[in-house]
Amino acid sequence: MLYEHRLRIRYAECDMQQVVFNAHYLAYCDDAVDCWMRHALGGDLHSVGFDCMVKRAEITWLKGATFGNDMVIRLGVAKFGVTSFEVLAEGFINGEEKSFEANLLYVSTVPGEAKATPVPSRVREAFATYSR
């Protein structure tokens with residue numbers, strides 16, 4: 001099962017040609033991942049002793065989204081490491097036409113610190129529900 005996040009492309013996110021400026025796609029992914037994590041963990045990440053940081057983000061654009069489009073982002077965990085996990089996200093214009101693919105590598109950290117730590121078992125189990 002994949003998590004789905006929906007948004008509408010706003011005027012301020014587009015350039016003069018009404019196409020989404022490229023940096024916004026990663027912001028969309030960041031927002032989708034945040035909503036997914038909170039949904040999977042039932043709220044606040046820190047309350048379960050978990051936080052994370054992006055180590056690597058790669059994106060491939062296939063078609064530009066434009067002002068007024070609805071975007072559906074589908075995501076899930078591709079694989080787990082000891083202290084990391086890889087998320088694959090795909091954005092679809094109006095839920096149908098693929099706009100981008102993103103590969104995001106997160107490192108599990110101690111809340112409030114930039115120190116890598118193993119992905120907690122509760123987090124691993126919750127995220128594994130949304131796997132690719």
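The values are calculated or read from the model by the stated rules, or taken from the named source; none is laboratory data. Computed from a predicted structure; not experimentally measured. For neighbour counting, all protein chains shown are included, and Cβ atoms are generated from backbone atoms with ideal geometry for every residue, glycine included.
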In region 1-45, which residues are outside any helix (DSSP H, G or I), touching a residue at least 40 places away in the same chain (Cβ under 8 Å) and among the aromatic types (Phe, Trp, Tyr)?
-> Tyr3
Could you figure out which of (1) crowded, with 17+ Cβ neighbours inside 10 Å; (2) farther than 18 Å from Ser108 by Cβ; (3) out of contact with any helix residue (DSSP H, G or I) (no Cβ under 7 Å at 6 or more places or on another chain); (4) not charged (D, E, K, R) isn't true of Val20?
-> (3)
Residues of region 49-73 satisfying the condition of being of a type in the set (Gly, Ala, Ser), outside any strand (DSSP E or B) and touching a helix residue (DSSP H, G or I) at 6+ places or on another chain (Cβ under 9 Å) | Gly49, Ala65, Gly68
Of the residues Ala27, Ala40, Ala12, Ala32, which is small (Gly, Ala, Ser), more than 20 Å from Glu96 (Cα to Cα) and crowded, with 17+ Cβ neighbours inside 10 Å?
-> Ala40
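Could you identify the single residue in Lys63, Lys98, Lys79 that is within 16 Å of Thr129 (Cα to Cα), modelled with pLDDT of 95 or more and among the charged types (D, E, K, R)? So that I can check it myself, show each step before the final result.
Values: Lys63 fails: within 16 Å of Thr129 (Cα to Cα); Lys98 fails: within 16 Å of Thr129 (Cα to Cα).
One residue alone meets the criteria, Lys79.
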Quick one: which residue in Glu86, Glu58 is at pLDDT 95 or above, charged (D, E, K, R) and surrounded by 14 or more Cβ atoms within 10 Å (Cβ to Cβ)?
-> Glu86
In region 74-132, the residues that are in a strand (DSSP E or B) and acidic (Asp, Glu) = Glu86, Glu90, Glu97, Glu101
